[in-house]
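Q: Here it is, the structure, as structure tokens.
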Amino acid sequence: MKVLFIGGTGKISSACTPLAVERGYEMYLLNRGQTDRPVPDGVTVLNGDIRDPKSVRAALADHKFDAVVNWIAYTADHIETDIELFRDRTDQYIFISSASAYQSPPVNLPVTESTPLDNPYWQYSIDKIACEERLMRAYREEKFPMTVVRPSHTYDKTMLPFQGGWTVVDRLRKGKKIIVHGDGSSLWVLTHHSDFAKGFVGLLGNNRAIGEAFQITSDELLTWNQIHEIVARAADAPEPQIVHVPSDLINAIDPGWGAGLLGDKANSMIFDNTKIKRVSPDFTCSISYERGAQEVIEWFDADPARQAVDTEFDKLTDRIIATYERAWEGL
């Protein structure tokens, strides 16, 4: 099977590319060659910029594919371009959407693929919904062979799960106060990219996936308090000094941070993965976040240059905590 990944070296796709090669797929990557991540042996790189259709047509030449996956499509305009580029070049087009596109907050749990797409809080999610709607119209009107995949907070060794990244770990190690939104009890799912890959690669060239959407997540449920505690243990930090701050207050002070909370992380999310397990039976998640967090901290500790502290976020954290604590003092 001949497969093209547009991108293919990002946090999620960097696990899918080598697994596809391992399973014998003829793999091509279309990108600008601007990545620090190694390209696996046996992969053909086509140099082109997906935002420049002319360069893509030149790079693709007369290639046709069994499956094309765009890892870096974010708006309906991007989808429009892809439909034009790949209408006659592939038997399957896979769009990487987001579980944040689901109804927020969800009326019913667990979330399934039939949960309504309705997230008015976060522009990223609004745009992903528009992409899905355009693809579904193309499928209905012209049988464009689309498949939608909705990941939820999929990570690799370079990624920490909270706003501020390493700055939060730095505060944990110094025994400083950290912010956890709400009361920290909302449930969340973190999926290691190598686990995600096992479900995803099973969709490539799979005719049971045409015209369908799939969520691919771990079944491990953690509260945000537990997530921060797990990271603290992995970092050999003192017990976290957690300050619980309402998401609405965080949003009022910093809308950039708040949008991702109100539109995603503030809500408990429990996913039913029956559909992907039925269509991609190799899918199983074996990496707990306890193990994954250890891998992440080891990666950061291996090179001090990776441990960049964002001084602005550090100050913002102190300011939000001070604002919240002053409100309590006034009661």
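The values are calculated or read from the model by the stated rules, or taken from the named source; none is laboratory data. Please read these numbers as outputs of a predicted model, since none were measured by experiment. Methodologically, a virtual Cβ is constructed for each residue, glycine included, from the backbone with ideal geometry; neighbour enumeration extends over all protein chains shown.
Q: Out of curiosity, is Ser104 part of a loop (DSSP other than H, G, I, E, B) and within 16 Å of Asp272 (Cα to Cα)?
A: Spelling it out, it is not the case that Ser104 is part of a loop (DSSP other than H, G, I, E, B) and within 16 Å of Asp272 (Cα to Cα).
Q: Counting only residues that are among the charged types (D, E, K, R) and out of contact with any Phe, Trp or Tyr (no Cβ under 8 Å at 6 or more places or on another chain), which one in region 300-309 is nearest to Pro161 (Cα to Cα)?
A: Applying the filter and picking the extreme gives Asp301.
Q: Sort through Glu298, Glu329 and tell me the only one that's closer than 30 Å to Leu249 by Cα and not basic (Lys, Arg).
A: Unique residue meeting the criteria: Glu329.
Q: Sticking with this one: Anything in region 299-317 that is assigned to a helix (DSSP H, G or I) and without any contact (Cβ under 8 Å) to a residue 24 or more places away in the chain? List them, or say none.
A: Once the filter is applied, which keeps residues that are assigned to a helix (DSSP H, G or I) and without any contact (Cβ under 8 Å) to a residue 24 or more places away in the chain, region 299-317 yields Asp301, Pro304, Ala305, Thr311, Glu312, Lys315.
Q: Oh, and also: Leu190 - would you say it is crowded, with 21+ Cβ neighbours inside 10 Å and touching a residue at least 60 places away in the same chain (Cβ under 8 Å)? Break it down stepwise before answering.
A: Working: crowded, with 21+ Cβ neighbours inside 10 Å: yes; touching a residue at least 60 places away in the same chain (Cβ under 8 Å): yes.
Yes: the conditions hold for Leu190.
Q: Could you list all residues from region 166-185 that are closer than 26 Å to Tyr102 by Cα and either touching a strand residue (DSSP E or B) at 6+ places or on another chain (Cβ under 6 Å) or not assigned by TED's automatic domain parsing to the domain that holds Ile320 (or both)?
A: Ile179, Val180, Asp183, Gly184, Ser185
Q: For region 250-277, which positions are surrounded by fewer than 16 Cβ atoms within 10 Å (Cβ to Cβ) and in a helix (DSSP H, G or I)?
A: Ala252, Ile253, Pro255, Gly256, Thr274 - these are the residues of region 250-277 that are surrounded by fewer than 16 Cβ atoms within 10 Å (Cβ to Cβ) and in a helix (DSSP H, G or I).
Q: Which residue pairs have Cβ atoms under 8 Å apart, sit 6 or more places apart or on different chains, and have a first residue in region 41-57 that is within 14 Å of Lys2 (Cα to Cα) and among the small types (Gly, Ala, Ser) and a second that is outside any loop (DSSP other than H, G, I, E, B) and at pLDDT 95 or above?
A: That search, which allows pairs on different chains as well, returns Gly42/Val21; Gly42/Met27.
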